[in-house]
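Read the structure below first, then the notes.
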Amino acid sequence: MHLGSEYQVRVAAWLAVEMLAGRQGQPCAPGGTIQLLRGETQESVDDLLVGTVEEKYGFIQAKRKIKFSDKLNSDFASVIDQTVRQVTLKAPYGAPRPWSRELSSETDRLMLVTSSLSSDKIRVVLRDVLKRARSLAPGQPLSDAAVTESEQSVLKITTSTVRSFWKSATEKDATEKEVQSLLALMSVEVLDIEEGQLAEREAKRTLASMIIVSFRQGCVTRFS
């Protein structure tokens with residue numbers, strides 16, 4: 001199996017354990033107890049779709065290793081392309097789905113889930129910029145999402161890439177508000193889930209504890 005595909009499967013398995021345990025799947029879910037998990041969806045962001053009982057939805061691109069880049073043929077540009085299309089294009093199926101509504105930064109996320117192998121500009125700088133973009137007050141300029149010189153560079157390249165793919169998808173120039181709204185929906189989350197890593201160990205412990213509890217309950221029921 002390709003390493004990138006294997007990473008996607010591992011992220012899905014980790015979320016499935018979180019769902020079975022009745023947990024929220026943080027940081028790879030939009031908030032609330034997970035009740036829906038789908039893979040290889042028909043969405044533009046198609047790796048994984050996670051939904052919660054609070055009707056919050058997370059659209060996930062799972063990338064084991066990715067570098068930040070200003071090139072429009074890069075893996076990073078592909079992430080932005082899918083993200084833009086998720087917001088601007090209609091769903092490909094006929095009947096509406098609960099998650100096919102207009103997305104809100106208060107309830108939904110367009111997530112890039114990756115590992116510690118990805119570049120610092122992805123894992124740290126872009127992640128921080130997107131967090132600030134979500135917390136900007138109404139009327140506050142998007143430029144306030146970047147504080148350091150490195151963040152300013154990452155924000156400039158990211159917004160330029162968004163505008164390029166927005167124009168391709170809609171044949172219109174994105175407004176400042178549209179760019180800001182899109183970035184407010186985005187997040188970068190780090191999950192080290194490969195063999196022997198922290199997230200895998202935690203998932204195995206969770207499964208083991210669930211099996212033990214189930215076994216004990218079964219024994220009590222059987223012999224009571």
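The values are calculated or read from the model by the stated rules, or taken from the named source; none is laboratory data. It should be emphasised that the depicted structure is a prediction, and the values quoted were computed from it without experimental measurement. Backbone-built Cβ (ideal geometry, glycine too); neighbour counts: all protein chains shown. Note: accessible area is taken over every heavy atom of the protein model, side chains too, but ligands, DNA and RNA are not part of it. Shrake-Rupley method; radii C 1.70, N 1.55, O 1.52, S 1.80 Å.
Which value, in Å², gives the accessible area per residue of the chain when a 1.4 Å probe is used on the protein heavy atoms?
Computed with neighbouring chains in place, this is 54 Å² per residue.
Which residue, MET210, MET19, MET111, has the most motion in a Gaussian network model of the chain that connects Cα atoms within less than 10 Å?
Of the options given, MET210 has the highest mean-square fluctuation.
When the chain is modelled as a GNM with alpha-carbon springs shorter than 10 Å, which of PRO141, PRO30, PRO98 fluctuates the most?
Of the options given, PRO98 has the highest mean-square fluctuation.
What percentages, rounded to whole numbers, describe P(r) for the chain computed over all alpha carbon pairs with 5 Å bin width beginning at zero?
That works out to 1, 7, 14, 18, 19, 16, 11, 7, 3, 2, 2, 1, 1, 0, in percent per bin.
Taking amide H positions as placed 1.01 Å from N in the peptide plane, with prolines and chain starts having none, which residues 5 or more places from MET186, or on another chain, fall under 5 Å of its amide H?
Long-range HN contacts for MET186: LEU110.
Given H placed 1.01 Å from N in the peptide plane, which residues other than close sequence neighbours of SER118 have an amide H under 5 Å from its amide H?
ILE66
Quick one: length gained pulling GLU202 to LYS67 fully straight, 0.36 nm per residue minus the C-alpha distance?
Extra length available between GLU202 and LYS67 comes to 45.9 nm.
First measure r as the distance between the Cβ atoms of SER116 and ARG23, then evaluate 1/(1 + (r/R0)^6) with R0 = 22 Å and state the FRET efficiency to the nearest 0.05.
Computed FRET efficiency for SER116 and ARG23 comes out at 0.50.
Mind checking the log10 I(q)/I(0) for the range 1-108 at q = 0.09, 0.16, 0.19, 0.22 Å⁻¹? Debye, one equal scatterer per Cα, no solvent, two decimals.
One equal scatterer on each Cα of the range 1-108 leads to -0.24, -0.76, -1.05, -1.29.
What list of ³J(HN,Hα) values in whole Hz, one per residue of the range 31-43 in order, does the Karplus curve 6.51 cos²θ - 1.76 cosθ + 1.60 (θ = phi - 60°) give from phi, with Gly and Pro shown as x?
x, x, 5, 5, 10, 9, 8, 10, x, 6, 7, 8, 6
Roughly speaking, to the nearest percent, how much of the range 28-132's 1.4 Å accessible area is carbon and sulfur?
43
Once fully extended, how much extra length lies between LYS90 and THR41, figured as 0.36 nm per residue of separation less the alpha-carbon to alpha-carbon distance?
The LYS90-THR41 span can extend by a further 16.2 nm.
Between VAL17, VAL50, VAL84, which gets the highest mean-square fluctuation from a Gaussian network model of the chain, Cα cutoff 10 Å?
VAL17
Which cross-chain or sequence-distant (5 or more) residues have an amide H under 5 Å from the amide H of GLN35, H modelled 1.01 Å from N in plane?
Amide H neighbours of GLN35, under 5 Å, 5+ apart: GLY51, THR52, VAL53.
Given 0.36 nm per residue, what is the gain on full extension from ARG101 to SER209 after removing their alpha carbon distance, in nm?
Extra length available between ARG101 and SER209 comes to 35.1 nm.
Report the charge-dipole magnitude of the chain in Debye, nearest 20, computed about the Cα centre from +1 at each Lys and Arg Cβ and -1 at each Asp and Glu Cβ.
The dipole magnitude comes to about 400 debye.
Report the accessible area of ASP75, computed with a 1.4 Å probe over the heavy atoms of all protein chains in place, in Å² rounded to the nearest 10.
100
Nearest 500 deg cm²/dmol is fine: what mean residue ellipticity at 222 nm does the chain get from its DSSP H runs of n ≥ 4 alone, each adding -39,500 (n - 2.57), divided by its residue count?
-14500 deg cm²/dmol
What is the calculated FRET efficiency for GLU149 to LYS172, with r their C-beta to C-beta distance and R₀ = 35 Å, to the nearest 0.05?
0.65
Which Cα, out of VAL147, SER44, ILE34, lies furthest along the positive dipole direction of the chain (beta carbon charges, K/R +1, D/E -1)?
The listed residue farthest towards the positive side: ILE34.
Computed FRET efficiency, Cβ-Cβ of ALA13 and ARG134, R0 25 Å: what is it to the nearest 0.05?
0.35
About the Cα centre of the range 1-131, how large is the charge dipole given +1 on each Lys and Arg Cβ and -1 on each Asp and Glu Cβ? Please answer in debye to the nearest 20.
260
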